[in-house]
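These notes are about the structure you will find just below.
We did not get these values from a lab; they are worked out from the coordinates using the rules stated. Every value quoted in this text rests on a predicted model; they were computed, and no experiment measured them. Every residue, glycine as well, gets a Cβ built from its backbone with ideal geometry; the counts of neighbours run over all protein chains shown.
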Ligand code: ATP
């Protein structure tokens, strides 16, 4: 195993003629949480989408010591999984069917085994397994998005704003779940506007502004950085 699960070097992404990522570099150790913080429009979602292979990019993306596979399906098979900001659940399908969709690359017996683990981790979803996803609360929907992602047995979860739109107490619940996932060996690249809460559970942090990394370092150091406090850590 490589000592770096993910190594992104000089990543550029453009939409048409407009370049929005201007050479981002980032590295992640296996078993760690890396928080990416920054204002709206800084390019965080774009970065996750490029790492997942949803949009074209220039630069190098290495995963587990080798160039990341080309296709999205091969990236999923290799253990990458994106939980998008909008959750993208199927509202008119049951909780259970949404969860099962996440295991499409797995055999039926593997799916059943992983599903049992997932329900143990999210008892609330087990209780609501027959309920339509569209009837869940915001926090439950985020749990469902995480549960569906876990069905692919990810090694690297790319989480886009898991706290978006949630009440403060639920934000803490969700981020505690994310922190617990690290204890099961899953690494997490966590994009969050809720900078303080993200840095609290992260090992390393990156501040992205206008498509560039402005600052990076141990999360505990960034959490007390005066410049960050001024711009990002005030809100909670
Ligand atoms: P947010 O938290 O609002 O999602 P972000 O940091 O994730 O912000 P991105 O969504 O990656 O930022 O957007 C980066 C820049 O790229 C913004 O200026 C945005 O307007 C632009 N952008 C994003 N998606 C597209 C697109 N499909 N076409 C053109 N421009 C885009």
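Here are some notes:
- Considering only the chain, percent of DSSP beta bridges that pair antiparallel, nearest 5: 55 percent
- Residue exposure proxy: 173, 203, ordered by other Cβ atoms within 10 angstrom of their Cβ from fewest to most, comes out as 173, 203.
- Once you reduce region 109-177 and region 1-65 to the center of their Cα atoms, the two points are 24 Å from each other.
- In degrees, nearest ten, helix 168-183 long axis to first principal axis of the chain (Cα): 90 degrees
- In the chain, the inverse of the mean reciprocal separation of distinct Cα atoms equals 18.1 Å; this is its Kirkwood hydrodynamic radius.
- Mean ellipticity per residue at 222 nm, deg cm²/dmol - from DSSP H runs of n ≥ 4 across the chain, formula -39500 (n - 2.57): -9500 deg cm²/dmol
- Ordering 90, 122 from the fewest to the most neighbouring beta carbons within 10 Å gives 90, 122.
- Region 114-215 - Debye-derived log10 I(q)/I(0), Cα point model, q = 0.13, 0.21 Å⁻¹: -0.49, -1.17
- C-alpha long axis of helix 108-121 to longest principal axis of the chain, angle in °: 70 degrees
- Segments 123-130, 104-111, 5-12 sorted - mean Cβ within 10 Å per residue, highest first: 5-12, 123-130, 104-111
- Neighbour counts of C-beta atoms inside 10 Å place 214, 155 in the sequence 214, 155, starting with the fewest.
- Sorted largest first, the principal axis extents computed over the alpha-carbon atoms of region 41-129 equal 45, 32, 20 Å.
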